[in-house]
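The values are calculated or read from the model by the stated rules, or taken from the named source; none is laboratory data. Because the structure is a prediction, the values reported are computed rather than measured. Cβ: placed from backbone, ideal geometry, glycine included. Neighbour counts: every protein chain shown. Surface accessibility is based on the protein's heavy atoms, side chains included, excluding ligands, DNA and RNA. Shrake-Rupley method; radii C 1.70, N 1.55, O 1.52, S 1.80 Å.
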Protein chains: 2
Amino acid sequence: MTKTAEPVTLDRLDEAGRAALFTDARTANTFASTPVTDAELTEIWELARWAPTAVNTQPLRVLYVRPEGRDRLITHMNDGNKAKTAAAPAVAVLAHDTQFHEHIPTVLPFRPELKDVYAANDALRTDTGTFNAALQAGYFLLAIRALGLAAGPMGGFNKATLDADYFPDGRFRSILVVNIGHPGENPWFPRLPRLDAADVIAWA
Amino acid sequence: MTKTAEPVTLDRLDEAGRAALFTDARTANTFASTPVTDAELTEIWELARWAPTAVNTQPLRVLYVRPEGRDRLITHMNDGNKAKTAAAPAVAVLAHDTQFHEHIPTVLPFRPELKDVYAANDALRTDTGTFNAALQAGYFLLAIRALGLAAGPMGGFNKATLDADYFPDGRFRSILVVNIGHPGENPWFPRLPRLDAADVIAWA
């Protein structure tokens with residue numbers, strides 16, 4: 001453990017920051033033509049990667065599909081998502097690495113033997129990978145917003161054909177496709193209602 | 001759609017905000033005795049709930065376990081997590097509502113019939129609920145940090161006994177237990193390595 005002489009006080013995110021990530025942020029349905037650079041796309045990951053995962057497993061993988069490769073991706077999108085996937089300056093295919101445990105000696109150097117525990121237990125490996133990749137997808141979407149970009153996450157695509165096309169060896173499984181860019185004209189749909197605290201929170 | 005006459009420019013999170021949520025934030029392993037109020041705990045959800053889920057399904061549920069109810073929870077925690085779960089000012093059990101579709105007429109008022117689609121398709125309902133509850137767990141952890149609090153997420157507990165105890169009708173399934181509070185003495189372990197961009201990002 002690191003020795004800290006004084007209590008640690010954490011900063012609260014200011015109102016602008018809370019608005020940018022949570023309260024004012026919206027899912028973008030149109031994008032401006034302003035490009036998103038490879039450096040910006042890499043920076044999204046460089047932010048998101050610091051948020052926690054179970055025993056530091058980090059199973060999320062990111063395939064960025066550039067505009068010149070977009071037609072191939074669009075064939076796998078549901079009809080209602082094809083036009084916006086074509087128009088987005090950048091698109092990320094988020095995927096789950098089913099063999100994430102191969103990195104355990106690197107990411108958890110004091111417990112390298114966990115690699116073998118996961119290798120021997122398919123159910124544990126699938127549960128850990130599925131849950132933590134989705135957790136990281138949440139971090140990833142908020143990291144996009146943290147960089148002043150808009151995200152358009154889409155579950156409407158054919159996972160079977162996308163995975164067969166881009167991940168033919170079966171190691172990676174797509175979980176979400178995310179349009180990324182600066183908002184365009186009329187970018188937002190009306191905001192949908194959120195559940196009330198009484199429907200979500202209980203106390204024990 | 002809402003008409004917007006001007007292009008929308010989004011704010012980038014400032015350096016302090018990025019540090020608070022991502023680059024400097026750490027999983028807390030000890031907590032100060034400073035209480036966390038019910039109002040703060042409710043505010044965590046009020047921030048997290050605005051981030052997106054598939055067709056606005058919002059399957060995450062939160063059970064806050066107060067200090068006076070903590071002994072009951074601790075019986076379900078792995079030995080290595082019992083002491084810190086006992087010491088945390090607040091603890092959240094995050095769960096997945098397997099019947100989230102009952103809220104669809106409220107949360108997706110223009111497509112109420114999706115309630116019946118999910119009711120008739122167990123595999124679709126399970127996949128959607130599992131993925132989106134985990135996505136929301138990611139938002140929830142970052143919302144804790146956005147409020148100037150430290151999070152200590154733990155997967156090390158007995159889901160079967162916890163669910164049988166707290167959710168005996170089987171509707172809710174626990175996914176993560178999260179200690180919440182202000183950091184205490186020596187709160188951080190040494191930071192573990194993150195994967196390099198080359199291990200995570202591909203381009204197409």
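For A:Asp11, indicate whether it is under 25 Å from B:Trp45 (Cβ atoms) and either among the β-branched types (Val, Ile, Thr) or facing chain B (nearest Cβ under 8 Å) (or both). Taking the combined requirement at face value, the residue satisfies it. In region B:182-204, is there at least one residue being more than 7 Å from every other protein chain (Cβ to nearest Cβ) and under 16 Å from the mean Cα position of the chain (by Cα)? No, that holds for no residue.
Report yes if some residue within region A:148-155 is more than 22 Å from B:Phe131 (Cβ to Cβ), open to solvent by less than 10 Å² (accessible area, probe 1.4 Å) and at pLDDT below 95; otherwise report no.
Among the residues of region A:148-155, not one is more than 22 Å from B:Phe131 (Cβ to Cβ), open to solvent by less than 10 Å² (accessible area, probe 1.4 Å) and at pLDDT below 95, which makes the answer no.
Where strands (runs of 3 or more DSSP E) fall wholly inside region B:136-204, the ranges with 1 or more residues that are within 21 Å of B:Gly17 (Cα to Cα) and of a type outside the set (A, V, I, L, M, F, W, C) are B:150-154, B:172-181.
Kindly indicate whether B:Tyr139 is open to solvent by less than 10 Å² (accessible area, probe 1.4 Å), on the phi < 0 side of the Ramachandran plot and not basic (Lys, Arg). For B:Tyr139, the condition - open to solvent by less than 10 Å² (accessible area, probe 1.4 Å), on the phi < 0 side of the Ramachandran plot and not basic (Lys, Arg) - is met. On inspection, B:Leu94 does not qualify as farther than 19 Å from B:Ala164 by Cβ and in contact with a helix residue (DSSP H, G or I) (Cβ under 6 Å, 6 or more places away or on another chain).
Here is a list: A:Arg61, A:Arg72. Which entry is more than 7 Å from chain B (Cβ to nearest Cβ) and touching a residue at least 60 places away in the same chain (Cβ under 8 Å)?
Result: A:Arg72 is the single residue among A:Arg61, A:Arg72 that is more than 7 Å from chain B (Cβ to nearest Cβ) and touching a residue at least 60 places away in the same chain (Cβ under 8 Å).
Of everything in region B:46-105 that is part of a loop (DSSP other than H, G, I, E, B) and among the charged types (D, E, K, R), the residue that is nearest to the chain's Cα centre (by Cα) is B:Arg49.
For region B:104-113, the condition holds for at least one residue, the condition being that it is surrounded by fewer than 18 Cβ atoms within 10 Å (Cβ to Cβ) and among the polar types (S, T, N, Q). Taking region A:106-135 as the range and being more than 7 Å from every other protein chain (Cβ to nearest Cβ), hydrophobic (A, V, I, L, M, F, W, C) and part of a helix (DSSP H, G or I) as the test, the residues that pass are A:Leu114, A:Val117, A:Ala119, A:Ala120, A:Ala123, A:Leu124, A:Ala133.
Working only within region A:33-51, note down all residues that are at pLDDT 95 or above and either small (Gly, Ala, Ser) or crowded, with 20+ Cβ neighbours inside 10 Å (or both). Passing the criteria: A:Val36, A:Ala39, A:Leu41, A:Ile44, A:Trp45, A:Leu47, A:Ala48, A:Arg49, A:Ala51.
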